[in-house]
1. Which of 196, 220, 23 moves most in a GNM of the chain, Cα contacts under 10 Å?
2. Measuring from label point to label point, each 7 Å out along Cα→Cβ, what is the residue 244 to residue 160 span in nm?
3. Connecting C-alpha atoms closer than 10 Å in a GNM of the chain, tell me which of 119, 168, 209 has the biggest fluctuation.
4. Can you tell me how much longer the chain between residue 253 and residue 52 gets when fully stretched, taken as 0.36 nm per residue apart minus their C-alpha distance, in nm with one decimal?
5. Whole Å is fine, so just give me how far the alpha carbon centre of segment 233-265 lies from that of segment 46-125.
6. I'm spelling it out carefully: the read-out is Cα Rg over 2.2 N^0.38 Å, the candidates are (1) 1.07; (2) 0.90; (3) 0.98, and one was derived from this structure. Which label?
7. For the chain, what is the charge dipole size about the Cα centre, in debye to the nearest 20, if Lys and Arg each add +1 at the Cβ and Asp and Glu each add -1 at the Cβ?
8. Suppose R0 equals 51 Å. What FRET efficiency, 1/(1 + (r/R0)^6) with r the Cβ-Cβ distance, do residue 118 and residue 264 give to the nearest 0.05?
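Just so it is clear, none of the values below were taken in a lab; they were calculated from the coordinates. Small disclaimer: the values here were computed from a predicted structure and weren't measured. Because the Cβ atoms are built from the backbone with ideal geometry, glycine has one as well, and the counts that use them run over all protein chains shown.
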Amino acid sequence: MENNLKKRLAAGEVSLCMGLRQARTVDIGPLVGAAGFDCLYVDMEHSPISFDTTSAICITAVAYGVTPLVRVPGHLGQDISRALDGGAQGVILPHVNTPEQALDIVSHAKYPPVGHRSVMGAGPATAYKAMPLAQVNASGNADTMVIIMLETPEGIANADAIAAVPGVDMLLIGSNDLCTEMGIPGQLRHPRLLEAYQTVAIACQKHGVALGVGGIRGDAALQTQLIELGARFLIAGSDTTYLAAAATKDAAALRERISLETTRVL
């Protein structure tokens with residue numbers, strides 16, 4: 001099963017990703033695609049969603065051309081391998097601060113000789129077709145994405161060394177956690193945060209690693225600025241924020257109509 005996100009990134013195209021925290025049914029995959037997104041990520045860090053549900057969402061998403069990613073809760077090898085064995089085409093690792101952490105993560109996510117991930121044979125990645133193990137391992141390494149989140153000043157300072165780790169596919173800046181750690185929560189246009197973006201962009205360009213940014217939903221000007229800086233992966237929002245925004249807008253419009261009608265009748 002080809003990783004469409006990797007193909008888009010290799011072609012220099014910008015990809016849009018939606019986060020999932022509330023969705024629990026498999027129809028969310030095609031819905032995300034119909035809305036115009038290229039990929040989704042199941043946020044196991046900030047939700048109680050299970051591996052079972054995560055796997056079902058991932059397997060269905062692939063069938064509709066939507067690349068499924070999973071943000072695992074931490075750096076545990078069993079979480080990384082279970083997410084990938086369950087159908088994720090990439091894992092997002094939060095709070096990575098050092099190249100040593102990145103190297104350990106790659107060892108859990110990639111098969112030998114790149115890493116030390118345990119082999120499982122036929123599964124979602126092979127559409128359950130039996131294939132020579134050497135082919136499974138090679139294609140698995142080629143299509144599986146390791147996405148490293150930088151969310152602290154320490155992580156930003158080590159961006160060049162982290163990007164240089166073989167097997168790392170993307171550095172993803174977690175804007176909200178990062179600016180909170182910097183002592184400037186919510187200030188997404190602060191010069192220090194922009195400097196952090198620039199530092200990571202230089203590291204990504206130097207080592208041929210994709211640059212991703214999250215936490216900047218709704219600021220088109222900032223999104224454009226980051227694309228010009230080299231960002232090719234944007235987390236535009238989550239199911240929670242989209243549902244709340246659309247529902248709030250519709251409810252307000254209905255309340256206004258009801259109020260006008262009530263006034264007219266009186």
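1. 220
2. The two pseudo-label positions are separated by 3.9 nm.
3. Comparing 119, 168, 209 in the GNM, the peak value goes to 119.
4. Values: separation 201, 0.36 × 201 = 72.36 nm, distance 3.86 nm.
Full extension of this stretch gives 68.5 nm more.
5. 36
6. Answer label, from the structure shown: (1).
7. On the way: 19 positive and 25 negative charges, 97 e Å.
With only Lys, Arg, Asp and Glu charged at Cβ, the dipole is about 460 debye.
8. Working: r = 69 Å, r/R0 = 1.36.
Efficiency at R0 = 51 Å is approximately 0.15.
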